[in-house]
Amino acid sequence: MVMPWPADYQRRWTLANGIACSGVGLHSGASATVRLVPREAGGLWIGKGTGNASRALHSNLVRPSRLCTLVQLASGTIATVEHLLAAIGGCGITDLEILVDGEEIPLLDGSALPWVELFSSAGLEDLGPRQPLPALGETICIQQGDAFIRATPCEQLRLSAAVNYASKAIGPLLYELDLNPASFVAELSSARTFGFADQVGQLQAAGLIRGGSLDNALVCDQQRWLNPPLRFSDEPVRHKLLDLVGDLALASFPRAHVFAYRGSHALHIQLAQALDHALGEPV
């Protein structure tokens, strides 16, 4: 990216200009348009449709959903918010209104990179200093079967993820980074969503991934990727971290080391809500 991104998360930022983007949702297969409107204060807000009031974005808006993060508003639900929220939170944008005409955020290329490129073209406006990232005082660990997510006190926001898939195309992977806008853009934003060829029929029968294709998702079988090349040799685990950033953007980014093993949106959201509780945010 040619744009100089914020060095850290110590200042408040909004977009210098409003932007709009249209595309197809991963699960619904339906078209939607997202408008991003600069705000000078008040944090992140989200609204659905025309003429409906938007609400402050918060982890308490999330409702159970399979394979994506879904928020519930009085005017309806908005699905698959995680890649857009990852781009917003990862790039350091703190004040913005998200207006969605449709039921699902467009998947675009399956990563957060198209949103980052739109932010770069619109520019960022510095709104001044923000409160320091809150310090986590004690370890939080949430487990579901053999999957877990853990947050431990740390001087900065450090993220780690590990996966271990039976497919030889992926296998065991581990990735870790100290999160800031530059590291998010360079190391995570372009990592695409991924799936498995033998699950496509089952998921489509369940009404999911109707908008998925080899153009907007990586797909593998037990041996190989069906649509190479990968953008990184460890792109799947980087995408897991991208999803984690998006889900944590629903809460206050903490000064903590967050480690997810076989992470999922359900685990991420439970941690986001636990962080809000631990850091004194209403849930």
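The values are calculated or read from the model by the stated rules, or taken from the named source; none is laboratory data. As the structure is a prediction and not an experimental result, all values here were calculated from the model. Note that we place each Cβ from the backbone using ideal geometry, even for glycine, and neighbour counts take in every protein chain shown. For the accessible areas, the whole protein counts, side chains as well, though only heavy atoms, and no ligand, DNA or RNA atoms are used. Shrake-Rupley method; radii C 1.70, N 1.55, O 1.52, S 1.80 Å.
Observations
- Top positive-direction residue, dipole computed over segment 1-81 with Cβ charges, set Pro6, Thr80, Pro38: Thr80
- Considering only Gln202, Ala278, Leu124, and ranking their Cα positions along the charge dipole of the chain that arises from unit charges at the beta-carbon of Lys, Arg, Asp and Glu, the one farthest toward the positive end is Gln202.
- Within the shell defined by Cβ-Cβ distances under 11 Å, the residues around Leu70 carry a net charge of -1, with Lys and Arg each +1 and Asp and Glu each -1.
- With protein chains left intact and a 1.4 Å probe, residues in the chain average 42 Å² of accessible area per residue.
- Cα-centre dipole for the chain with unit charges at Cβ (Lys and Arg positive, Asp and Glu negative), debye to 20: 300
- Counting charges near Leu26 (Lys, Arg +1; Asp, Glu -1) among other residues having Cβ under 10 Å from its Cβ returns a value of 0.
- Area accessible to solvent at Leu113, 1.4 Å probe radius, in Å²: 30
- Electrostatic dipole magnitude of segment 1-137 [Cβ: Lys, Arg +1; Asp, Glu -1; Cα centre; debye, to 20]: 340
- One Cα centroid belongs to segment 261-277, the other to segment 69-135; the line between them spans 18 Å.
- The chain, accessible surface, carbon-and-sulfur percent (1.4 angstrom probe): 49
- C-alpha center-to-center spacing [segment 138-163, segment 1-58] in angstrom: 27
- The order of Val200, Val245 by accessible area, most exposed first and with a 1.4 Å probe, is Val200, Val245.
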